[in-house]
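Structure first, then comments.
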Amino acid sequence: MASLSVKPGQRFTLTDWQNNSLLISADAEQQRFNSHNVRQEGRALRNETGNQAKWDEHNSRTRLKDRITNVDRWREALARCLTDIDLEIDALTKVKEAAEDALQAKNLCLDVAIECLTFRESRRDIDVVRDPVEEELLKEVKVIEKTKKELQQQIDNAFKQLCLLKEARQQLSSDHQHKVEALELDRLCMSFSPTSGNISFKVNPTRIPDGTTTLSEWELNSQRNKERAEAELRASVDLRGAITLSIAQTNNELDAQRIATEFALRKRIRDMEGALSELRWQEQNTLEEIAEMEEDILQLMKEIQKRTLDLKVAHTRLETRTYRPHIELCRDQAQYGLTDEVQQLEAAIRALQQKRTESQDALDALYRQLHRIQTDIGYKTNSLQLDNKCMDTRKKLVVPVEKFDPEVDAVNRTRNLPRNSQLEL
């Protein structure tokens, strides 16, 4: 007969079994409770992190937009400054070129003034005077040299200011280019999204790169560049005005001096023409007086010859009467008359000879004076020719060089001068 097989091992009581079931149920409920809490916490965390990420991304995007707006505003300001400084560089360059042209024009004025002084060095003898024309020409040379010095100083100032403008422009251009590049990078950052294909993890992205500046330093740098450019612009505008004024003033001074010189030169020419006219009148009168004096001397000599013949007659009569015989040799009225006649004729001849000597001395003096007049006429004719050449040379100051047709060949301007004046020149 078969026997009951009993499984060996520990036997649990019903209470144990019930307790075990209750424990499993309790554990399941606890695990479900814990899982529910974890799920709720996970959902809350997802919501929180999602919202936080959205707000952080929104804030970052807003800050990027603000930064882009700020940088773009500075870029526009710097671009306007660049445009203004480029225009000012062009304007100052043109004014500088105008000053250089004015300086170059002064060289022609100086050459003309020196040429006129050189012409007038060919004056001779008494005509070598320190007249108002020479004083005005020397004054004109001083005015030209003074204006050239002022213009050269303004040109140097313009060159220095151009260098400062270009230096400021270089800083502006560099700052502007950096802001353009920064704008491109920030706009690229604005375009990134979770679906972009060019996003990836980077090594230590939160590091602070070398050369990083603070926002205040960044803004101060741009402000400093802008303020320096504006200061150089103001200085350049002031300098352009000063250069323009200097050109006008130097031209006015030189024009006034040129007018004064030409006025003195014209007056000197008129005076010289008047002096020549007076000298020619004196020459004509002197020639007439010489002719009359020579005629009078000739008449005196004829008169002396006549009185000499009369004296010979009287002498012969007296000598002949000495041969009267004996008592006839008496001092009669005829003898007294002949004696008086001889004395009168001898006195007349002496007076005539004295007058002839005086007339000859006067004639010699007239010839000396005539030579002096003719020499002075030659001097003044030479001086008048030189002053007319000066006037002709000064036409180059008001007539364009290409249209200037000198009345006197500047190369051969001494061709018609006397030989001595050429040697003196």
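The values are calculated or read from the model by the stated rules, or taken from the named source; none is laboratory data. In this text the structure is predicted, and so the values were computed from the model without any measurement. Ideal geometry is used to build each Cβ from the backbone, glycine not excepted, and the neighbour counts take in all protein chains shown. Surface accessibility is based on the protein's heavy atoms, side chains included, excluding ligands, DNA and RNA. Shrake-Rupley method; radii C 1.70, N 1.55, O 1.52, S 1.80 Å.
Name the single residue that is surrounded by the fewest Cβ atoms within 10 Å (Cβ to Cβ) among those in region 102-120 being hydrophobic (A, V, I, L, M, F, W, C) and closer than 21 Å to A248 by Cα.
Among residues in region 102-120 that are hydrophobic (A, V, I, L, M, F, W, C) and closer than 21 Å to A248 by Cα, the one surrounded by the fewest Cβ atoms within 10 Å (Cβ to Cβ) is L108.
Of the residues I373, I297, which single one is closer than 30 Å to I126 by Cβ and in contact (Cβ under 8 Å) with a residue 24 or more places away in the chain?
None of the others qualify; the one that does is I373.
Output the number of residues of region 250-273 satisfying the condition of being within 30 Å of N157 (Cα to Cα) and either among the acidic types (D, E) or out of contact with any helix residue (DSSP H, G or I) (no Cβ under 8 Å at 6 or more places or on another chain) (or both).
Pass one, region 250-273, residues within 30 Å of N157 (Cα to Cα): 250-258.
When the remaining residues are screened for being either among the acidic types (D, E) or out of contact with any helix residue (DSSP H, G or I) (no Cβ under 8 Å at 6 or more places or on another chain) (or both), the result is 252-253, 255-256.
Matching residues across region 250-273 total 4.
Restricting to region 166-187, count the residues that are under 19 Å from D66 (Cβ atoms) and either in contact (Cβ under 8 Å) with a residue 60 or more places away in the chain or open to solvent by less than 80 Å² (accessible area, probe 1.4 Å) (or both).
Total meeting the criteria: 6.
Checking the conditions here, which among Q40, Q18, Q10 is modelled with pLDDT of 90 or more, farther than 23 Å from S191 by Cβ and of a type outside the set (V, I, T)?
Q40
Looking at V237, V203 in this structure, which one is assigned to a loop (DSSP other than H, G, I, E, B) and either surrounded by fewer than 14 Cβ atoms within 10 Å (Cβ to Cβ) or not basic (K, R) (or both)?
Working: V237 fails: assigned to a loop (DSSP other than H, G, I, E, B).
Just a single option satisfies the conditions, and that option is V203.
Which residues, counting only those in region 303-343, are in contact with a helix residue (DSSP H, G or I) (Cβ under 9 Å, 6 or more places away or on another chain) and of a type in the set (K, R)?
Those that are in contact with a helix residue (DSSP H, G or I) (Cβ under 9 Å, 6 or more places away or on another chain) and of a type in the set (K, R): R307, R317, R321, R331.
Under 8 Å by Cβ, and 6 or more places apart or on different chains, what pairs join a residue from region 316-336 that is at negative phi and assigned to a helix (DSSP H, G or I) with one that is small (G, A, S) and surrounded by 12 or more Cβ atoms within 10 Å (Cβ to Cβ)?
As it stands, the answer is R321/A334, since those pairs meet every condition given.
When the residues of region 240-265 are narrowed to those that are within 30 Å of R169 (Cα to Cα) and of a type outside the set (A, V, I, L, M), which ends up least open to solvent (accessible area, probe 1.4 Å)?
S246
Which residues, counting only those in region 43-68, are under 19 Å from Q177 (Cβ atoms) and of a type outside the set (A, V, I, L, M)?
Correct list: R67 only.
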